[in-house]
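Working notes, structure below.
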Amino acid sequence: MEETTEESNGPKLMAALWPIATTSGIVLGLRIFAKISRGRYIWWDDIIMLFSQALLIVAVSLITKAVALGFGRPHAALDPDALYGIATYGAIYSAASTVIVASARISFAVALLRLTLAGWGRVLVRVVIVGLVCITAVPPVVARFTICDPFQKVYGQVPGGRCGNTYIPLYLGWASGAWSAASDFALTLLAWKIIWSMRMRPKEKVGVAIALSFGLLSGMITIFRYTYVALIYTRDFFEYGYFGFIWMAAEGATSIIAASIPALRAFVVERSRNSQGWRRWLSAPGGASGGHKSPAPAVTPRSSPGPGSSSPGRNRNNNIHRHISDSNDVLRGVEWDLEMSRDIEPASPRPAHVKGSAAVGQWTDVQLRG
């Protein structure tokens, strides 16, 4: 039994998959906490991302069962009765990984659709979403389960049954990976363009751009992953398929993490500013230390209903997402976290006498339609 364990690549697979899945789960959990704690809404992009993470946990659990059956050992060393079980879990894991990658990127695209984009920008995002469904997700999954009868034989070395051209899933996988990586780059560059078109401090622009750059990392991992996909089809799947499976999990987890970083950055920056404001107030001569009391400085101005708001009560009771209502407003990076909805409209225009940074907190309110 000890000799079998030493010859198996299964422990290497488990040592990689569970930390990857756990890390993405923690980051996504922090993203949801950051939004709820700041009074933000849970939108469709969050729901899609939660679905991706849940599917990742299920997929890793299934491949754990495959390792228990002997996945990671050479085909010749496996019990013939275990071959179908391993191939079944492997096929389901591969299909789930493809769906995870596509849905995580769709989540980021849906978040971009909520922003105020020009016509071509909205068209680009919709094209990306359609391509993620029709190129990245559906064809590889369908081919994996229909090219062979039984479908487990797609990985070869499974007795019985018959197959068509087993390279078809490989070619579809390459097309899927190419569109997936291109989608990452396109969505990241589009988000950068939105950032650079906003009136923000250069320091804040750089910070948000760096947070969005994790999407490029996800695209590069996609490219690396598909350099190992051929091992699943051209070599002993049972022994060498584990490395491709690691890259599959890494690609999905990185997509989840990349989409969560902007919201986490906004949360951290806001908390940092709040704590700095309290420290300045406590150390001030008129602060908590005693002496003449002076008004506490505004830490992070919160929105208040503008004169033109039709429903100030609703805006006060609901922490509505901020939206720039004038091209001369300066938006802080903490406010740009993909939280501005296209379902809200700007409040009344800013009066001419309100200028400077005070205008940011006073005249960036929004009101719900209707």
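All of the numbers you see were taken from the coordinates with simple rules; none came from a lab. Predicted model, so just to flag it, every value in this text is computed and none were measured. Here the Cβ positions follow ideal geometry from the backbone for every residue, glycine too, while neighbour counts run over all protein chains shown.
For the reader, a short list of remarks on this structure follows.
- In a fully extended conformation the segment linking Thr227 and Val206 would gain 4.3 nm over its present Cα-Cα distance, using 0.36 nm per residue.
- For segment 13-55, the square roots a ≥ b ≥ c of the C-alpha gyration tensor eigenvalues yield an a/c of 1.5 or more together with a/b not exceeding b/c, which makes the shape oblate.
- Label point distance in nm, Trp18-Val58, each placed 7 Å from Cα along Cα→Cβ: 2.1 nm
- Per-residue Cβ neighbour rank within 10 angstrom, fewest leading, Thr22, Thr88: Thr22, Thr88
- Fewest-first ordering of Thr188, Thr64, Thr222, Thr136 by other beta carbons within 10 Å of each residue's beta carbon gives Thr64, Thr188, Thr222, Thr136.
- Ranking of Glu7, Glu239 by count of other Cβ atoms within 10 Å, fewest first: Glu7, Glu239
- Spatial offset of segment 10-49 relative to segment 180-199 amounts to 22 Å, using the alpha carbon center of each.
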